[in-house]
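The values are calculated or read from the model by the stated rules, or taken from the named source; none is laboratory data. Values in this document were obtained by computation on a predicted structure and should not be read as measured data. Cβ placement follows ideal geometry from the backbone for every residue including glycine, while neighbour counts extend to all protein chains displayed.
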Amino acid sequence: MTPSDRRINRLPPGQSLTGGFPTLHYGPVPTFNPATWDFRIWGEVTEPLIWTWDQILDLPRTQVNMDLHCVTTWSKLGTNWEGISLKTLVDQSLIKLTTRASHLMQHAEYGYTTNLPLEVALQDNFLIATHFEGQPLAPEHGYPLRGVIGTFVGRDDLKDVYLWKGAKWLRGLEFMDSDRPGFWESNNYHNEGDVWKEQRFAP
């Protein structure tokens with residue numbers, strides 16, 4: 001599919017529109033206690049960090065509108081999200097990466113993980129989200145914090161990947177000097193997950 005095709009038809013190959021927001025995840029919905037919850041940043045950073053929930057809420061915020069594409073073949077267009085841009089955190093030196101950092105692993109509750117190349121995680125279409133459609137995330141959609149990655153209409157310069165590449169119930173970011181598969185990537189899902197190339201499963 002060419003860039004011009006993407007502008008005309010926002011649905012990647014093999015996808016169908018949904019008016020709802022299906023809930024698919026590994027494990028039960030966790031409970032959240034803001035008094036004990038924390039968020040870790042480690043690996044290829046000059047200084048490891050541990051942030052409380054109050055500190056998360058004090059970080060710079062942004063809003064984005066994105067189309068979502070799930071590997072299970074549903075797509076939801078024009079969704080509105082609010083949260084924290086990883087690119088902004090790095091650009092403002094709130095997270096300081098080493099020169100060796102090349103990949104990101106998102107760590108979530110119950111040991112769930114998913115990986116991204118750093119260049120993709122630093123795109124404008126990757127968000128550490130706290131709100132969906134003007135409301136705090138619902139528990140089944142990742143409350144209090146989730147990674148979310150989608151498609152910006154008209155931004156053909158961005159790599160678009162399936163929704164599993166953003167982890168629900170996010171608890172930490174590990175910056176790595178080489179790639180490592182996450183949970184589904186270790187279980188026959190494609191390592192890159194490009195929606196326009198229909199990279200659902202490992203070759």
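Only residues that are touching a strand residue (DSSP E or B) at 6+ places or on another chain (Cβ under 9 Å) and over 21 Å from Leu59 (Cα atoms) were counted across the stretch 142-162, and they come to 9. In the stretch 151-174, the residues that are without any contact (Cβ under 8 Å) to a residue 24 or more places away in the chain and on the phi < 0 side of the Ramachandran plot reach residues that are surrounded by fewer than 23 Cβ atoms within 10 Å (Cβ to Cβ) and assigned to a loop (DSSP other than H, G, I, E, B) with C-beta atoms within less than 9 angstrom, at least six apart or across chains, in these pairs: Asp157/Gln123.
Is it true that Tyr110 is surrounded by fewer than 15 Cβ atoms within 10 Å (Cβ to Cβ) and either within 24 Å of Glu185 (Cβ to Cβ) or in contact (Cβ under 8 Å) with a residue 60 or more places away in the chain (or both)? When the stated conditions are applied, Tyr110 passes them.
Scanning the stretch 1-39 for residues that are at pLDDT 75 or above, outside any loop (DSSP other than H, G, I, E, B) and not acidic (Asp, Glu), which turns out nearest to Gly172 (Cα to Cα)? The selected residue is Phe39. Of everything in the stretch 120-148 that is surrounded by fewer than 18 Cβ atoms within 10 Å (Cβ to Cβ) and without any contact (Cβ under 8 Å) to a residue 24 or more places away in the chain, the residue that is farthest from Gln92 (Cα to Cα) is Ala138. Leu57 - would you say it is modelled with pLDDT of 95 or more, surrounded by 15 or more Cβ atoms within 10 Å (Cβ to Cβ) and not acidic (Asp, Glu)? No. Listed by first and then second residue, the pairs with beta-carbon distance under 6 Å, at least 6 apart or on different chains, first residue in the stretch 24-37 and under 16 Å from Leu145 (Cα atoms), second among the acidic types (Asp, Glu) and not in a loop (DSSP other than H, G, I, E, B), are Val29/Glu140; Pro30/Glu109.
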